[in-house]
Structure formats: structure tokens, C-alpha cells
Amino acid sequence: MSPAASPAARSPGAAWARLLCMGAVALTMGGCASMSEKECLSANWQEQGYRDGRNGHPASRVEDHREACAGVGVVPDTEQYRKGRDQGVLEYCTPENAAREGRAGRSYRNACPARLEGTFLTYHRLGYQAYQAQQRLDSLNRQMEQTQRNLDQEKKEDKRRELREELRSLDRRLYQARQELRDAERRLNSKSY
């Protein structure tokens, strides 16, 4: 009897094990690499550093590239990489970008030099507060819509009464969430870049 035909090989546990094993193999074959083989072989390390800095990657990103390129025998030129990253990070670490990153819900990755980090974090925090307020508002809107659908489908009067009360409560919470979002956006917009 071949292994594929054995009951153990056909079990759901064995199928999951094979699937996990294939996934692990796929990941180790470059799915998580910071650079492809082709990129490693043709890299301009100053440009790569600039792109990484501009995108807010920490200085340690060069080590990810070192790992990704080791298989093809390419070693990053760390001096050129640093020069490029130092320039790119100046574009990333602006108050405008900090607010944009926070507002989009992206976390800070310790990319800014100490002289820029305090200002960056202030604007990022304000942007992130607006993002969180928007998330709360969106969640309450979804709850309101679902509760309204439930009310529309409910036949029992006592349950309908409960759902109407829940809608009134959600309406009050929505009003408060809208106010919180306006306040967060006002704080963000009142900061001059």
C-alpha cells in the first residue's frame, strides 16, 4: 500500500500537515524576502536606501536585504545604503507625513532620527487619534445598520421595543463618536506644519 493511499495519509490532520509544510517551504523560498534575486543583482544601494528611508523603514532594514541577497552572493554596500536612507528618511519624517501615516492607521517603525522623532510622533499621535475616532464611528454605523435590519425583520413587539431602544442608544453613541472625530480632526488641523 502506498503512503498516499494509507488511511493516515488521507486523514484531515495529515492534509493540514502537508498544507502547512508546503506553506513553510513557499515562505522560505523568498515570499518574505525584502528584495528579489533580480533586485539584489542589479541594486543601486544608495537608491535602495533612499526608497527604504522614504517609506519609513528602520535603519535595520539593510540587514533584511543582506539576508535576502546572501543566496546570490550579493552584499549590500552599507555606506551607500546609509547615505541614501539618510536622505529618504528626511522626506518620511515630516509632520505632514506623520499625520498622514497616523490617519491611515499605520504604526511608527522607529525610522526617524532623534532630532525629528519628537515632532513626528506628535503629529503621528494626532493622526492616529483621528483614525481611531473614525474606526469607532464606522463600527457604530455598522451596528446601527445591523440593528435596523433586525428591527425590520422582527415580528414580536417586545423584541421590537428592545431593538428600538438599542437604536436610540446607538444614535446617542453615534452623536458622541461624530463629535470625537470632529475634535480629533480639529486638533490635527490646528497644528501648523
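Remarks
- Label-point gap, in nm, between Tyr175 and Arg161 - each point 7 angstrom along Cα→Cβ: 2.3
- Centroid-to-centroid, using Cα positions, the stretch 124-168 and the stretch 75-104 are 40 Å apart.
- When Rg and Dmax are taken over the Cα atoms of the stretch 132-193, they come to 15.6, 56 Å.
- The heavy atoms of Asp52 offer some 10 square angstrom of accessible surface to a 1.4 angstrom probe.
- If you look at the Cα atoms of the stretch 34-86, you get an Rg and a Dmax of 9.7, 27 Å.
- Radius 11 Å from Cβ of Ala68, net charge of other residues (Lys, Arg +1; Asp, Glu -1): -3
- Relative contact order of the stretch 56-139: 32 percent, from C-alpha pairs under 8 Å at least 6 residues apart in sequence.
- Sites Ser190 and Gln135 - FRET efficiency at Förster radius 22 Å, r taken between beta-carbons, to 0.05: 0.55
- A DSSP coil position with no more than 15 other Cβ atoms inside 10 Å describes the following trypsin sites (Lys or Arg not before Pro) in the stretch 146-191: Lys155, Lys156, Lys191.
- Fraction in percent of alpha-carbon pairs per bin - 5 Å, the stretch 57-159: 2, 11, 14, 12, 11, 9, 9, 7, 6, 5, 4, 4, 3, 1, 1
- Two-site FRET efficiency, Thr94 against Glu145, from Cβ-Cβ distance with R₀ of 41 Å, rounded to 0.05: 0.60
The values are calculated or read from the model by the stated rules, or taken from the named source; none is laboratory data. Small disclaimer: the values here were computed from a predicted structure and weren't measured. Ideal geometry is used to build each Cβ from the backbone, glycine not excepted, and the neighbour counts take in all protein chains shown. Quick note on the areas: whole protein, heavy atoms, side chains included, nothing else; ligands and nucleic acids left out. Shrake-Rupley method; radii C 1.70, N 1.55, O 1.52, S 1.80 Å.
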